[in-house]
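Notes for the one structure printed next.
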Amino acid sequence: MAKGFKSGVATGILGSAIAAAATAFGYKKAVVAPQQKAEEEYEEVSKQAVRRSKAAHQSRF
């Protein structure tokens, strides 16, 4: 019986670790990656706006 208990505990720990890793990966794909992409797009648009305002001889910053 002790052997079955030990293998059950080991299986439970392994299963919990896999579930935690899958949750972390899913969070990264669903939340972090889109947020980083939005920030990169904002930076690019901001750089373009600065270039345009300098080209028009206006001071944006």
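Values in this text are rule-based calculations from the coordinates and carry no lab data. Please read all numbers here as calculations on a predicted model, not as lab measurements. Ideal geometry is used to build each Cβ from the backbone, glycine not excepted, and the neighbour counts take in all protein chains shown.
Couple of notes before you dig in:
- A compact globular protein would have a Cα radius of gyration near 2.2 N^0.38 Å; the ratio found for the chain is 2.39.
- For the chain, a crude dipole built from +1 on the beta carbon of Lys and Arg and -1 on the beta carbon of Asp and Glu, taken about the Cα centre, is about 60 debye to the nearest 20.
- Seen from Gln35, the other residues with C-beta closer than 14 Å to its C-beta sum to a net charge of -1, counting Lys and Arg as +1 and Asp and Glu as -1.
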